[in-house]
């Protein structure tokens with residue numbers, strides 16, 4: 001009789017320990033899943049802003065590369081696109097002075113950094129970097145390929 | 001004596017089962033609570049929605065950055081929106097095209113002045129450089145989304 005009572009109490013206690021352990025597990029999994037899968041308002045705002053800057057940069061950079069520009073070559077004015085001008089400036093540094101004011105035109109739209117990369121050895125590393133940072137970038141194919149990127153940090157109203 | 005012991009034993013077993021039932025209810029209820037609390041979570045996705053609409057509009061007005069069309073009908077055809085819950089203002093050069101409920105614009109301006117609004121809309125602004133008639137033009141797209149019930 002006494003043994004039965006003791007066994008009952010032992011059973012009750014082990015069940016109670018199990019219950020407490022299960023509740024503890026539930027709380028731990030709840031917190032862990034909230035941390036792992038939970039999207040806070042700030043995170044969504046951040047990714048929305050990132051998407052906004054990325055898509056805006058992509059469209060604007062694409063337009064810039066197709067933008068018609070007039071460049072004086074050997075005393076003759078020639079029409080070309082923004083992409084051609086970038087290629088030309090990589091071949092001959094004297095055309096940097098023509099390219100710079102064109103790049104400056106982005107300043108009225110954004111707080112941004114414009115980057116060109118023509119070194120074949122570092123282009124792949126730069127592409128990886130731009131993909132990671134979700135920076136808008138284009139590859140201008142030519143004999144000496146150029147990678148162009150527009151990194152926007154803010155919009156101007 | 002025998003009967004009394006049996007009754008007590010029966011009561012004991014009954015209590016034990018009741019206790020086990022409580023444990024099962026607590027664990028099952030806990031699982032249901034955790035799942036429901038995750039699935040019924042309100043997530044405000046209006047900022048993302050505005051960013052996506054903005055990009056879609058920019059691509060409709062200027063595919064690949066080259067100007068194509070800019071009119072009320074072309075914009076509505078490009079992306080049908082619920083005009084009671086959204087305000088879109090597109091500016092291209094000196095042209096301006098407002099669509100939807102302009103009260104949302106006033107709410108956004110109020111929020112910009114750091115005034116607290118209880119049920120606030122999502123306000124999104126984006127600039128795009130596009131090519132129109134061989135020249136670079138600034139395309140500005142402002143989007144305000146209300147949709148408070150489904151997001152807040």
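Taking the simple approach of a point 7 Å from Cα along Cα-to-Cβ for both residue A:43 and residue B:10, what is their distance in nm?
5.6 nm
For residue B:34 and residue B:69 in the same chain, what is the full-extension length gain: residue separation times 0.36 nm, less their Cα-Cα distance, in nm?
Between residue B:34 and residue B:69, full extension yields an extra 7.6 nm.
Using Cβ contacts closer than 10 Å as the measure, can you line up B:110, A:135, A:81 from fewest to most?
B:110, A:81, A:135
Test of understanding: ordering A:110, B:125 by Cβ neighbours within 10 Å, fewest first, what list do you get?
The most exposed by this proxy come first: B:125, A:110.
Given springs between every Cα pair under 10 Å in a Gaussian network model of chain A, which of A:11, A:82, A:57 has the largest fluctuation?
Result for chain A, Cα springs under 10 Å: A:11 fluctuates most.
Okay, helix-only estimate at 222 nm for chain A: each DSSP H run of n ≥ 4 adds -39500 (n - 2.57), divide by all residues, round to 500 deg cm²/dmol; what do you get?
Mean residue ellipticity at 222 nm (helix-derived): -20500 deg cm²/dmol.
Anyone know which of B:19, B:87, B:128 comes out most mobile in the 10 Å Cα GNM of chain B?
B:19
Please tell me the relative contact order of the stretch B:20-152 in percent, rounded to the nearest whole number, where contacts are Cα pairs under 8 Å and at least six residues apart.
After rounding, I find 28 percent.
Residue A:79 versus residue A:66, label points 7 Å from Cα toward the beta carbon: distance in nm?
Once both label points are built, they end up 1.6 nm from each other.
Per the Kirkwood definition applied to all pairs of different Cα atoms, how many angstroms is the hydrodynamic radius of the protein assembly as shown?
Hydrodynamic radius (Kirkwood, Cα pairs) of the protein assembly as shown is 24.6 Å.
Using a Förster distance of 51 angstrom, determine the FRET efficiency expected from the C-beta separation of residue A:116 and residue A:27, and round it to 0.05.
The value I calculate is 0.40.
Using only atoms on other chains, find how many Cβ atoms lie within 10 Å of each Cβ of peptide A:53-61 and report the average.
The per-residue average across the peptide is 6.
Could you line up B:115, B:129, A:80, A:155 from fewest to most neighbouring Cβ atoms inside 10 Å?
Final ranking by Cβ density, sparse to dense: B:115, A:80, A:155, B:129.
Evaluate the relative contact order of chain A (contact order divided by residue number), counting alpha-carbon pairs under 8 angstrom at least 6 apart; express in whole percent.
It comes to 22 percent, rounded to a whole number.
Report the residue, chosen from B:135, B:56, B:106, that carries the largest GNM mean-square fluctuation when chain B is represented by alpha-carbon nodes joined by springs under 10 Å.
B:135
Work the Kirkwood hydrodynamic radius out for chain A: mean of 1/r over every pair of different alpha-carbon atoms, inverted, in Å.
For chain A, the Kirkwood estimate is 20.3 Å.
Values in this text are rule-based calculations from the coordinates and carry no lab data. Everything numeric in this text was worked out from a predicted model, so none of it was measured. A quick note on method: Cβ atoms are made from the backbone with ideal geometry, for glycine too, and the neighbour counts reach across all protein chains shown.
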